[in-house]
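Visitor: My questions will all concern the structure given below.
The values are calculated or read from the model by the stated rules, or taken from the named source; none is laboratory data. On a predicted model such as this, the values are computed, not experimentally measured, just so you know. Neighbour counts run over all protein chains shown; Cβ positions are idealised from the backbone, glycine included.
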Amino acid sequence: MTRTASVLRARGARLGLFFWLAAPAALAAATGGPVDPAASSGGAPVLVRDTEVGSVLTDMAGRTLYTYRIDEATPGKSACTGTRYTMQNGRQFGQVPLPAARARKTCMEKWPPFLAGADARPAGSWSLIAREGGAKQWAYEGKPLYTSGKDRRPGDVDGEGGLPNLPLWAAAMAPTTLPPGFRLVRREEGLVLATADGRPAYVRRGARLRRKVSASAELLQPVVAPSFGTVKGKWTIFDAGGIKQYAYDREPLYVLPDGFTDADAQREGGWATALYRRAAPVPAQVGTRTTLLGKVYTTDTGMTLYRFSCTESEVPDFLPCDDAGDAAAYWSALCGDAKECSRRWRPYRAAANARPSGEWTIEEVADPPFLDPAGATAPPEAPRVKAWAYRGRPLYTFVDDDEPGQTLGDWINYFSRSSFDAVVVPGPGIY
């Protein structure tokens, strides 16, 4: 190993990251699984970082790398370019101008490509694609990689998103050590081990693996392992009364039969979902409440929290339009004008002693969010307040919600694909 590689690896360890070295064994040691990294003469300079959504690939500064679904239509070429669109499809009106078109950023400006050095060479799952102007961009498993302007801190994964039924941007996930037939699901308590069909695995609370394992409860059944299966890391396979059963972190794994839910496991008592990574604590100012939309995050008084999202669905690059500085018209389309928006939507202010936690951050936001609907959101002259944000997006309350549990602000403008959405708690939870 060269001295430079050794220094980078040590630096990555101090940051809680892992450097992708040339030899497959090096990355396997970091992630615990087999990989196919690039050659050392021009290997992709990436790290692996553990986040709330799983292990993701990042650049050397810790910025999460993303893939773009539109690229699937142009293999070997990036559809995220420097084209500055000024018109959009007005449907029955034909082509109409984009709001504040001159200030609109390009796809490349919002999603900087993960560029390769002049001496970079493709190897294994890593390849290079040519961009306009002669630059080269890294691609992993054929998918070009990008960073996101929404991410502010190393390890943020705030760039994921797109249209409600069409996720366009997704974090580039790193290899994991999960045995065949397992995957991770996101739930309130964190990342949970689950079977391939999405059923969460359970463990007996406080029951560590011993030489002799008692029979499972009648309802929950052991997760059976293949007779000659092999595992590594925190995984083990042991003999449980004549069958081979999986265990993770020395806790035997069980699963509910088809048709049963968390409520059935709760009634059994003494069970918890098998955690791969526990979620960061939710701030004291944030609560949860079950509503008609499901379980949502609320203020400390139980009022539903919302976040604004926007995608330009009538433009070829489907850019997000919910960043500070984007056209205010997308916001005002939901409430008419700046004054009415400011009356209906109020930032959820953070307490003076509040501290960020996990995906919960404190952001300075404009209040009112804009002064002129013909201009841009968050203009420099607008007063700022410190408000809570979830996954990088500021949170608001809605004036027409008269009591806890109401979600009257959850709606969408189908023309611009802009909306305020109640912030739904990820998946059920019984931990």
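Visitor: Applying the selection to the range 353-383, what residues are under 28 Å from the mean Cα position of the chain (by Cα), farther than 24 Å from I412 by Cα and of a type in the set (A, V, I, L, M)?
Guide: A354, I362
Visitor: Okay, moving on. Run down D326, D317, D322 and say which single residue is closer than 30 Å to T106 by Cβ, of a type outside the set (A, V, I, L, M, F, W, C), surrounded by 17 or more Cβ atoms within 10 Å (Cβ to Cβ) and in contact with a strand residue (DSSP E or B) (Cβ under 6 Å, 6 or more places away or on another chain).
Guide: Unique residue meeting the criteria: D322.
Visitor: Being under 30 Å from the mean Cα position of the chain (by Cα), on the phi > 0 side of the Ramachandran plot, at pLDDT below 95 and assigned by TED's automatic domain parsing to the domain that holds S125, is that true of even one residue in the range 160-169?
Guide: yes
Visitor: A follow-up question, please. Tell me, yes or no, whether the range 340-356 has at least one residue that is in contact with an Asp or Glu (Cβ under 7 Å, 6 or more places away or on another chain), assigned by TED's automatic domain parsing to the domain that holds G302 and of a type in the set (G, A, S).
Guide: no
Visitor: Of the conditions (1) on the phi < 0 side of the Ramachandran plot; (2) within 26 Å of the chain's Cα centre (by Cα); (3) of a type outside the set (A, V, I, L, M), G325 fails just one. Which one is it?
Guide: Exception for G325: condition (1).
Visitor: Looking at the range 273-284, can you tell me whether even one residue there is basic (K, R) and touching a residue at least 60 places away in the same chain (Cβ under 8 Å)?
Guide: Checked the range 273-284: at least one residue is basic (K, R) and touching a residue at least 60 places away in the same chain (Cβ under 8 Å).
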